[in-house]
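Colleague: The structure is given below, and queries will be raised subsequently.
Only the coordinates and a few stated rules stand behind these numbers; no lab work does. Not measured: the values here are computed from a predicted model. Cβ sites come from the backbone with ideal geometry, for glycine too, and all protein chains shown count toward neighbours.
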Amino acid sequence: MTSALPFDDFRNLLDNLPAADLKAEARVRTLFAKADKPRNSLGRVEDIAAWLAAWSGRAPPAVTRPLMAVFA
């Protein structure tokens, strides 16, 4: 549904997002834990990869068509 109110279309998209795939997130965290490296040596990259896996439902996650939105 569209509306004349600012950002209503954006709010509707956010309201209809699917739930996070917690199993995909856990699989990525397990992959990092099993890797031959010091624990948390990649810093935020590990958290970002787990977040991306949860929201994409893919483990390991992949960015196949990157997009960027700029708000000014």
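Colleague: Students often check this: by mean Cβ neighbours within 10 Å, which of 47-59, 15-27 ranks highest, and how do the rest follow?
Modeller: Packing proxy ranking, top to bottom: 47-59, 15-27.
Colleague: Here's something else I'd like to know. Quick check: the angle from helix 44-56's long axis to the longest principal axis of the chain, C-alpha only, nearest 10 degrees?
Modeller: Value to nearest ten degrees: 50.
Colleague: Roughly how many nanometres apart are two label points built 7 Å out from the Cα toward the Cβ at Arg44 and Arg65?
Modeller: Label at Arg44, label at Arg65, 2.7 nm between them.
Colleague: While we're on this one: Could you list Phe7, Phe32 so that the one with the fewest beta carbons within 10 Å of its beta carbon is first and the one with the most is last?
Modeller: Numbers: Phe7 10, Phe32 18.
The order, fewest Cβ neighbours first, is Phe7, Phe32.
Colleague: Let me ask something else about it. Rounding to the nearest 20 debye, state how big the charge dipole of the chain is about its Cα centre with +1 on each Lys and Arg Cβ and -1 on each Asp and Glu Cβ. Working shown, then result.
Modeller: Values: 10 positive and 8 negative charges, 90 e Å.
With only Lys, Arg, Asp and Glu charged at Cβ, the dipole is about 440 debye.
Colleague: Here's another thing I want to ask about it. For the chain, set up a Gaussian network in which alpha carbons nearer than 10 Å are linked by springs, and say which option among Arg11, Arg39, Arg29 fluctuates the most.
Modeller: Sorting by GNM fluctuation, first place goes to Arg11.
Colleague: Assuming R0 = 35 Å, can you tell me the calculated FRET efficiency for the pair Lys37 and Asp8, based on Cβ-Cβ distance, to the nearest 0.05?
Modeller: Working: r = 45 Å, r/R0 = 1.30.
Working from the Cβ atoms, E equals 0.15.
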